[in-house]
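Quick notes on the structure that follows.
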Amino acid sequence: MTRPTRRTVLGAGASAALAGLCGAAESRAAAEPAGPAGRRPNIVFILIDDLGYGDLSIAGNPLVRTPNLDRLGAEGMLMTQCYDASPICSPSRAGFLTGRYPARNRLVTFLATREHNAWAGQADWLDPDVPNLPRTLRAAGYATGHFGKWHLGGGRDVGDAPWPAAYGFDESYTQFEGLGPRVVPTDTEAGLAAASIALGQGPIDQLPKSQITERFVDRAIDFIRRQHDRPWFVQLWPGDVHTPWAPSAEQLEQVAGLGRTPEEERFLAVLVALDAEVGRLTGALDDLGLLDDTLIVCTSDNGPTAGASRPGSAGPYRGRKGSLYEGGIRQPLLIRWPGRVPAGSRDDRTVAHAVDLLPTLAEAAGTRLPGPADGISLLPAWCGRPVTERPDLYWTFGAFRDPSQVPAGASPSFAMRSGRWKLLAESGGRNVELYDLEADPGESTDVADRHPRLARSLTARLEAWRRPLPIKIAH
């Protein structure tokens, strides 16, 4: 059982530091570090695979508690209107890493075999020459480490993809969705594990899936302990909540009787085990005296596993993984940064997006963007001043599929959000749907017929964004 992390109480000095940071954020003085006395924060970015909006107890899960993840929000901020860049793994991760809509970089669905990637009209890996978060932070003096799922190139029959080091990481340790040092499961996904082993391209360990996140956390802690003379950036991208769920007997025992089906108990077991590993990481930071000097950001890469009867909750939202409805792309965002982010705060007004992470962390680290980005800095919101105006947001998923392959109830292939309004459509402005998310966050009532002029205007903007994209459109 993990012990609680140390709670920080904001005193006069911390309040002054917070006020200074907020002023710096508002003036966009990104050339100076955002921390007090010019100190650059250490940064941890936790990206949980396939965690649904309602899966954390802080977001309403009634079945189990996730105290260590909840504590990040309780001791910092919970943002309730945060979006992924895509409702599926690879393009979602690319959005966080590059600050750009992933379709601009020819990523539109999960990376798999060369044949699959060609069918979807996408690249075999994320272009390492595109400006990205780890390279930006390393250029600013940070040590950089990636520990966990990668899924931005490498695996299956793609053995020539760049290693994470090509993107700016000093060290990495991943699984079968990437190359370089990695670990593959011994008890699940045998075909993917075997394909990864056959590729070589780095030392490979083998463990039961229930022990793999523990290994990632061990590697992250070891990396952090070895950083003595510069700030560090760590990505922890665990894959426990992604199917197949394979808890150990001990992990299952922790949730015995709490699931409504055996499948749900396996899901709850890996969720609770993941939460404990996050607690072990924050506990290690506390023991090292680094916890309160570290900015921790946590969210999910997309909605819960597809299938209405499957475990995992999208909360009050429509859709799941693979859908451009809210349940596929909307996530809680947790930010803990003592003395900068007000403890116990909640932001229901700021509309945040994955492409905002690079601009925000670059500013927090006191460095400049390496090039144009689609996102904005969220530092004012993190300082307690919600961002109420921002550029329109855009998504695409599924345009590469033949209409006969589109599942019943699927969302249209393109979407945008402009203020309170969300519009979805197929290419060419077909099958338009319009929702007022302030009045109807569950997207239950299409109001395109009630607001024809607005629907036409937004459709034109969506089409203007879509046309230059280097992607395949099958219908």
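Check the stretch 358-371 and report whether any residue there is within 29 Å of SER323 (Cβ to Cβ), in contact (Cβ under 8 Å) with a residue 24 or more places away in the chain, in a loop (DSSP other than H, G, I, E, B) and within 21 Å of the chain's Cα centre (by Cα). No: zero hits. Please verify whether ILE335 is modelled with pLDDT of 95 or more, in contact with a strand residue (DSSP E or B) (Cβ under 6 Å, 6 or more places away or on another chain) and outside any helix (DSSP H, G or I), treating the condition exactly as stated. For ILE335, the condition - modelled with pLDDT of 95 or more, in contact with a strand residue (DSSP E or B) (Cβ under 6 Å, 6 or more places away or on another chain) and outside any helix (DSSP H, G or I) - is met. The set of residues in the stretch 248-266 that are under 17 Å from GLU214 (Cα atoms) and either part of a helix (DSSP H, G or I) or β-branched (Val, Ile, Thr) (or both) comprises ALA249, GLU250, GLN251, LEU252. When GLY154, GLY145 are checked against the criterion of being on the phi > 0 side of the Ramachandran plot and in the same structural domain as LEU111 (by TED's automatic domain parsing), GLY154 stands alone in meeting it.
Set side by side, the residues ARG456, ARG450 differ, and just one is more than 28 Å from the chain's Cα centre (by Cα) and in a loop (DSSP other than H, G, I, E, B), which is ARG450.
Looking at the stretch 177-244, the strands (runs of 3 or more DSSP E) lying wholly inside it that each contain 2 or more residues that are free of Cβ contacts under 8 Å to residues at least 40 places away in the same chain sit at 182-185, 204-207. Scan the stretch 39-69 for residues that are buried (at least 19 other Cβ atoms within 10 Å of the Cβ), closer than 22 Å to GLU214 by Cα and among the charged types (D, E, K, R) and the total you get is 3. Has the stretch 22-36 got at least one residue that is under 21 Å from the mean Cα position of the chain (by Cα), modelled with pLDDT of 50 or more, crowded, with 21+ Cβ neighbours inside 10 Å and part of a loop (DSSP other than H, G, I, E, B)? No - not one qualifying residue is present in the stretch 22-36. Among the residues of the stretch 207-248, those identified as in contact with a strand residue (DSSP E or B) (Cβ under 6 Å, 6 or more places away or on another chain), charged (D, E, K, R) and within 20 Å of GLY145 (Cα to Cα) are ARG215, ARG219, ARG230. For first residues located in the stretch 114-134 and on the phi < 0 side of the Ramachandran plot, partners that are of a type in the set (Phe, Trp, Tyr) and at pLDDT 95 or above and lie 6+ apart or on another chain with Cβ distances below 7 Å form the pairs ALA120/PHE400; PRO128/TYR167; ASN132/TYR167; PRO134/TYR167; PRO134/PHE169; PRO134/PHE233.
Taking the criterion of being surrounded by 23 or more Cβ atoms within 10 Å (Cβ to Cβ), β-branched (Val, Ile, Thr) and more than 23 Å from THR445 (Cα to Cα), no residue of the stretch 300-330 qualifies. Please determine, by comparing only the residues of the stretch 423-473 that are in contact with a strand residue (DSSP E or B) (Cβ under 7 Å, 6 or more places away or on another chain), without any contact (Cβ under 8 Å) to a residue 40 or more places away in the chain and under 23 Å from PHE400 (Cβ atoms), which one is surrounded by the fewest Cβ atoms within 10 Å (Cβ to Cβ). Per the criteria, the residue is ASN431. On the basis of being in the same structural domain as GLN331 (by TED's automatic domain parsing), assigned to a helix (DSSP H, G or I), crowded, with 23+ Cβ neighbours inside 10 Å and within 23 Å of the chain's Cα centre (by Cα), does VAL278 make the cut? Yes: the conditions hold for VAL278. Against the condition in contact with a strand residue (DSSP E or B) (Cβ under 6 Å, 6 or more places away or on another chain), at pLDDT 95 or above and either surrounded by fewer than 21 Cβ atoms within 10 Å (Cβ to Cβ) or in the same structural domain as GLY307 (by TED's automatic domain parsing) (or both), how does GLN251 come out, does it pass? So GLN251 does not fit the description; no. Scanning the stretch 164-188 for residues that are within 29 Å of THR98 (Cα to Cα) and either of a type in the set (Ser, Thr, Tyr) or surrounded by fewer than 21 Cβ atoms within 10 Å (Cβ to Cβ) (or both) turns up ALA165, ALA166, TYR167, ASP170, GLU171, SER172, TYR173, THR174, PRO181.
The values are calculated or read from the model by the stated rules, or taken from the named source; none is laboratory data. Everything quoted here is computed from the prediction, not taken from an experiment. Note that we place each Cβ from the backbone using ideal geometry, even for glycine, and neighbour counts take in every protein chain shown.
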